[in-house]
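Heads up, the thing below is written out as structure tokens.
The values are calculated or read from the model by the stated rules, or taken from the named source; none is laboratory data. Because the structure is a prediction, the values reported are computed rather than measured. Cβ coordinates were reconstructed from backbone atoms using ideal geometry, including for glycine residues, and neighbour counts include every protein chain displayed. Remember, those area values only see protein heavy atoms, side chains included, never the ligands or the DNA or RNA. Shrake-Rupley method; radii C 1.70, N 1.55, O 1.52, S 1.80 Å.
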Amino acid sequence: MATPWWQSAVIYQVYPRSFADADGDGVGDLEGLRRHLGHLVWLGVDAIWLSPIYRSPMTDFGYDVSDHCDVDPVFGSLDDAERLVAEAHAAGLKVLLDWVPNHTSDQHPWFVESRAGRDSARRSWYVWRDGRDGAPPNNWRAAFTGELRWELDPSTGERRPRAVAAETEVDPSAWTFDPASRQWYLHLFLASQPDLDWNEPAVVEAQLEVLRFWLDRGVDGFRADVIHAIGKDPALPDDPPELALLPKSSTNDEPRTHELLRRIRALLDGYPGERVLVGEVYLLDTARVATYYGDGDELHLAFNFPPLYTRWRARDWRRQVETVVEQVGAAGGWPTWVLSNHDNPRHRTRYGTGGRARAAAVLLLGLRGTPFLYAGEELGLEDAEVPPGERLDPGGRDGCRAPVPWTEGEGHGWDGGRTWLPFPPDAGARSVEAQREDPGSFLHLYRRLLAARRGSTALSVGDLDLVSGPDDPAVLAWTRTAGDDRRAVAVNFTAEEREVDLRGDWVVEVSSDGVGEGSRWPGRLGPDQAVVLRPA
Ligand code: GLC
């Protein structure tokens with residue numbers, strides 16, 4: 001069975017500012033990353049995805065691109081990028097870049113020209129409209145204009161999201177008025193991130209050219225930022241009142257995006273070597289997300305975020321797994337799974353305990369689909385506490401972007417003094433250096449899980465069958481099968497010991513708490529324990 005590399009792969013997200021720093025300015029860079037490729041090879045991941053490294057004024061830390069074909073000096077140079085790709089390839093790692101198609105920085109020459117006046121040759125590259133009696137052209141809402149607060153639920157110890165009004169007075173509109181030309185421009189994110197108009201053929205061509213620029217330099221694919229947002233209804237109708245309170249970037253779902261995706265996909269497929277397009281489809285509805293796989297001619301992989309917002313409860317997770325099987329799998333799409341990224345509190349912080357975070361690692365790496373790890377999750381990092389005066393991100397996401405601690409002692413391998421954000425809690429004890437010495441660490445657990453996936457076709461690409469009953473509030477268990485190869489995975493979502501009937505004799509291959517590995521499985525899970533089992 002020949003499967004494309006990205007189906008059996010584990011993809012590791014690097015947030016370049018926070019990964020590793022070579023020049024001592026307290027901000028991570030490409031040379032820092034290059035020097036730590038060995039860590040990723042030792043860990044056993046297959047590919048890295050880099051959050052944006054392009055030239056940027058950094059109002060959204062790189063998701064505001066001012067030159068798609070150059071590297072921001074804070075990260076290094078184009079030569080550094082080429083060297084990184086070459087060395088990653090030599091080490092057996094694929095490299096994916098972030099591609100930000102929906103918007104640019106307001107400092108991008110395209111927008112500077114577009115803004116120059118109503119008759120600018122690039123006016124049509126962005127979405128400019130007249131207002132309605134001094135008010136914005138429609139009622140669309142921008143992102144980051146309310147906050148998602150992750151509040152502790154004392155009954156479960158978990159953090160749950162709650163939408164609250166922003167602390168400071170912000171204009172919720174996705175439109176900003178340009179006094180010089182007396183028109184408004186659209187931005188689904190910050191006012192410094194104007195939306196490109198993908199109804200303009202020259203924009204499509206220019207963005208495809210960006211893809212070619214990097215594909216020609218050997219990158220293995222892209223993670224496409226808010227890809228579901230690029231196609232917009234040119235009539236720009238008001239949203240119905242019930243949707244108008246949500247950011248438009250979480251609801252835009254237009255047929256024309258699919259047409260565009262087919263063109264983008266055809267471009268990637270025209271290159272040799274299975275280049276991959278992973279789309280961020282930030283629609284919190286798996287059935288809608290599934291449509292972005294098209295007929296096998298749109299995204300290769302689509303992020304599906306509902307599981308990330310799911311409670312740590314067996315029943316809730318069972319529903320998520322079933323929904324993915326039904327909606328994504330049945331449509332012929334290959335699923336993805338992600339617990340942490342640069343936009344949300346880390347899952348250890350959300351779930352509240354190290355025991356649960358370890359069990360979650362087994363869950364993530366035992367499901368059917370491509371798992372994405374977020375740098376530092378293999379260390380069991382929690383979010384940093386960032387004091388109010390030091391917060392930098394307009395979207396309140398600083399905590400999960402704290403620097404990765406490499407060494408135990410002061411500086412944690414970031415030797416230039418102050419880092420751009422504070423380190424996460426217990427940085428010394430949770431550093432790579434400290435955990436490599438400890439076979440019982442998070443780091444070794446992830447490494448064993450990755451080795452188990454690599455060693456078993458069933459675990460990496462096999463079919464999934466749920467075993468535990470739909471009403472089991474404690475345990476979620478399933479088998480994975482590919483031909484004669486079989487594995488079972490069982491996750492205890494509670495802090496009490498639980499019996500599980502898995503029929504047959506099993507040996508514990510990996511266990512989240514290290515207990516029992518290599519021994520006959522007793523048919524019982526310890527508190528917060530999750531296991532990967534192989535037939536005895
Ligand atoms: C995506 C990115 C996020 C960014 C936004 C705007 O959601 O993951 O970090 O702020 O797009 O580009």
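Given the conditions (1) surrounded by 16 or more Cβ atoms within 10 Å (Cβ to Cβ); (2) among the small types (Gly, Ala, Ser); (3) over 28 Å from ALA165 (Cα atoms), and given that ALA429 satisfies all but one, which numbered condition is not satisfied?
Failing condition for ALA429: (1).
Tell me whether region 65-78 contains one or more residues that are in a helix (DSSP H, G or I) and more than 29 Å from VAL10 (Cα to Cα).
No, there is no match, as no residue in region 65-78 is in a helix (DSSP H, G or I) and more than 29 Å from VAL10 (Cα to Cα).
Would you mind telling me which numbered condition in (1) under 19 Å from the mean Cα position of the chain (by Cα); (2) more than 13 Å from the ligand (Cβ to nearest atom); (3) hydroxyl-bearing (Ser, Thr, Tyr) TYR54 fails?
Result: TYR54 fails condition (2) only.
Can you tell me how many residues within region 152-194 are over 21 Å from ASP225 (Cα atoms), in a strand (DSSP E or B) and of a type in the set (A, V, I, L, M, F, W, C)?
Count: 6.
Would you confirm, using the coordinates I've provided, whether HIS68 is of a type outside the set (Gly, Ala, Ser) and more than 16 Å from the ligand (Cβ to nearest atom)?
Here the answer is no, as HIS68 does not meet what is asked.
What's the total number of residues in region 253-278 that are within 16 Å of the ligand (Cβ to nearest atom) and open to solvent by less than 10 Å² (accessible area, probe 1.4 Å)?
Looking only at that region, the number is 3.
Picking from VAL85, VAL100, which residue would you name as being under 23 Å from the mean Cα position of the chain (by Cα) and closer than 27 Å to ASP398 by Cα?
VAL100
Hey, among the residues in region 73-94 that are farther than 30 Å from PRO4 by Cα and crowded, with 22+ Cβ neighbours inside 10 Å, which one's farthest from the ligand (Cβ to nearest atom)?
Among those that are farther than 30 Å from PRO4 by Cα and crowded, with 22+ Cβ neighbours inside 10 Å, it is GLY76.
Results for (1) on the phi > 0 side of the Ramachandran plot; (2) away from the ligand (no atom under 16 Å from the Cβ); (3) assigned to a helix (DSSP H, G or I); (4) open to solvent by less than 50 Å² (accessible area, probe 1.4 Å), shown as yes or no for each residue.
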{"site": "ASP383", "(1), (2), (3), (4)": "no, no, no, yes"}
{"site": "VAL386", "(1), (2), (3), (4)": "no, yes, no, yes"}
{"site": "ASP393", "(1), (2), (3), (4)": "no, no, no, yes"}
{"site": "ASP415", "(1), (2), (3), (4)": "no, yes, no, no"}
{"site": "PRO439", "(1), (2), (3), (4)": "no, yes, no, no"}
{"site": "LEU445", "(1), (2), (3), (4)": "no, yes, yes, yes"}
{"site": "PRO473", "(1), (2), (3), (4)": "no, yes, no, no"}
{"site": "ARG486", "(1), (2), (3), (4)": "no, yes, no, no"}
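Please verify whether region 190-205 includes one or more residues that are touching a residue at least 60 places away in the same chain (Cβ under 8 Å), within 23 Å of the chain's Cα centre (by Cα) and open to solvent by 10 Å² or more (accessible area, probe 1.4 Å).
Yes; the residues of region 190-205 include at least one that is touching a residue at least 60 places away in the same chain (Cβ under 8 Å), within 23 Å of the chain's Cα centre (by Cα) and open to solvent by 10 Å² or more (accessible area, probe 1.4 Å).
Of the residues that sit in region 217-252 and are surrounded by 21 or more Cβ atoms within 10 Å (Cβ to Cβ) and assigned to a helix (DSSP H, G or I), which one is farthest from the ligand (Cβ to nearest atom)?
It comes out as LYS248.
Which of the residues belonging to region 417-435 are part of a helix (DSSP H, G or I) and free of Cβ contacts under 8 Å to residues at least 24 places away in the same chain?
Across region 417-435, there are no qualifying residues.
List the residue pairs whose Cβ atoms are under 8 Å apart, where the first residue sits in region 38-58 and is modelled with pLDDT of 95 or more, the second is open to solvent by less than 10 Å² (accessible area, probe 1.4 Å) and among the basic types (Lys, Arg), and the two are 6 or more positions apart or on different chains.
Close Cβ pairs (under 8 Å, with a partner that is open to solvent by less than 10 Å² (accessible area, probe 1.4 Å) and among the basic types (Lys, Arg)) amount to TRP49/ARG223.
Residues of region 501-532 being open to solvent by 20 Å² or more (accessible area, probe 1.4 Å), part of a loop (DSSP other than H, G, I, E, B) and closer than 14 Å to LEU476 by Cα, which ones?
ASP501, PRO527, ASP528
Being small (Gly, Ala, Ser) and in contact with a Pro (Cβ under 7 Å, 6 or more places away or on another chain): is that true of ALA477 here?
Here the answer is no, as ALA477 does not meet what is asked.
Does region 169-179 contain any residue that is at pLDDT below 90 and away from the ligand (no atom under 16 Å from the Cβ)?
yes
I need a count of the residues in region 25-57 that are in a loop (DSSP other than H, G, I, E, B) and open to solvent by 30 Å² or more (accessible area, probe 1.4 Å).
The qualifying residues number 4.
If I filter region 321-368 down to residues being over 18 Å from PRO425 (Cα atoms) and within 16 Å of the ligand (Cβ to nearest atom), which single residue comes out as most open to solvent (accessible area, probe 1.4 Å)?
Of everything passing the filter in region 321-368, ASP343 is most open to solvent (accessible area, probe 1.4 Å).
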